[in-house]
Every structure is written in C-alpha cells, then in structure tokens.
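The values are calculated or read from the model by the stated rules, or taken from the named source; none is laboratory data. Every value quoted in this text rests on a predicted model; they were computed, and no experiment measured them. Positions of Cβ are backbone-derived with ideal geometry, glycine not excepted, and every protein chain shown enters the neighbour counts. These area figures cover heavy atoms from the full protein model, side chains too; ligands, DNA and RNA do not enter into them. Shrake-Rupley method; radii C 1.70, N 1.55, O 1.52, S 1.80 Å.
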Amino acid sequence: MNHVEQVQPSAWVARFAPLVPAGASVLDVACGGGRQTRLFAARGCAVEAVDRDASALAQLVGVVGARAVQADLETGTWPYAGRRFDAVVVVNYLYRLRFAELLGCVAPGGLLIYETFMRGNERFGKPSNPDFLFATDELLQRVAGSFAVIAFEQGEVAEPRPAMVQRICALRRGEGEPELPRLP
C-alpha cells in the first residue's frame, strides 16, 4: 500500500492531535493523500498540506480547513521561509538537508509530531536507503536544545506493517526561554 492509498491517520499522530487546539495552524509536510490533514481539519485546524505529487493532493479537494500546496521541498528555495505554524506534522518522510528549515517552521510553543523510518528497516523492505532512515536517537538529537520532548519511541513495530520507526512529539521552547542542554 503506498501513501496515497492509506486512509487512516498515523496512530502516533492521532495520539497527540488533541494537544493541537481548534483554530491552530498546522503544516502537514509531504502529506501524500492527506490522511493527517483530514484529521486536523476535522478538529477545526487550518491545515496547509504540502506535497510534490499533484495527484495525491487532488484527494484534498473539498476538505474544509485544508489548503493543498504543490511544491518540491527538496529543490529550489524553501517555500516556508519565515513562516511559523502551531504544529508541524511529518509522517514517512525524511530529507536531512532541509531538516533545520522544517524545525524552524514550528512556532514557539508549537508542536512537532514526527514519525518515519529508521535504520534496520531495510530488513522489512523499503525504504532501505540510509538517506531516508534515521540513525538511532537521531530525531532526539536533532530537536535537542530547542524542543521539550513529550514522547519519543524508536524500534520495531508490527502495525500498520512491520517496520523500524522513530517518532517524536515535542514542544518548541518559547522565545527567550533558555535552551535545554544538548544530548551527549
């Protein structure tokens, strides 16, 4: 099943969605067919759903509260420079060269909900390229200092299919708050 065919939102995202209040602005990065977008739009959020696949974005036509944006996040200028969202959601996507810019889109006091594959997933199939797999604790290290971790998990899962995943829900520190100490 590819990302366009999946209908149910990620259980990880659904678990933390109640922390994002109605009316909040949400960026759904590499949204595919918009399963996370639909979840937040149904909760009364204003969701910007971005993906490079126009046919996947077409599935969001008519979804109240959702704005579909076709953009290639890996080439050219970062389309969200200077923009902040109350929540940024990423599922099954990793492009390290834009990771700092992605984190910069989370407003102070905003939430990052992220879930994707990690090393070891190659034994289950794709993705198997290390460019698309987090290393052990990498997601924790990338948010260290600027975010307070609410929950973090990594390892093997059986659902929705066997895979090695890494996932986090983290709150961006407010402006002027001291940074948290970095992990060794």
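Summary of values
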| quantity | calculated |
| --- | --- |
| Extreme residue, farthest from residue 49 (Cα to Cα), among residues of region 91-127 that are of a type in the set (Asp, Glu) and surrounded by fewer than 22 Cβ atoms within 10 Å (Cβ to Cβ) | 122 |
| Test: residue 161 is open to solvent by 30 Å² or more (accessible area, probe 1.4 Å), out of contact with any Cys (no Cβ under 8 Å at 6 or more places or on another chain) and not in a strand (DSSP E or B) | yes |
| Any hit, region 171-184, residues being of a type in the set (A, V, I, L, M, F, W, C) and at pLDDT 95 or above | yes |
| Qualifying helices (runs of 4 or more DSSP H) (wholly inside region 1-112; at least 1 residues being more than 28 Å from residue 140 (Cβ to Cβ)) | 35-42, 54-57 |
| Boolean, residue 150 is open to solvent by less than 10 Å² (accessible area, probe 1.4 Å), in contact (Cβ under 8 Å) with a residue 40 or more places away in the chain and not in a helix (DSSP H, G or I) | no |
| Exclusive hit being farther than 15 Å from residue 112 by Cβ, free of Cβ contacts under 8 Å to residues at least 60 places away in the same chain, open to solvent by 50 Å² or more (accessible area, probe 1.4 Å) and touching a helix residue (DSSP H, G or I) at 6+ places or on another chain (Cβ under 9 Å), set 41, 66, 58, 46 | 46 |
| Residue check for residue 15: in contact with a helix residue (DSSP H, G or I) (Cβ under 9 Å, 6 or more places away or on another chain) and more than 15 Å from residue 102 (Cβ to Cβ) | no |
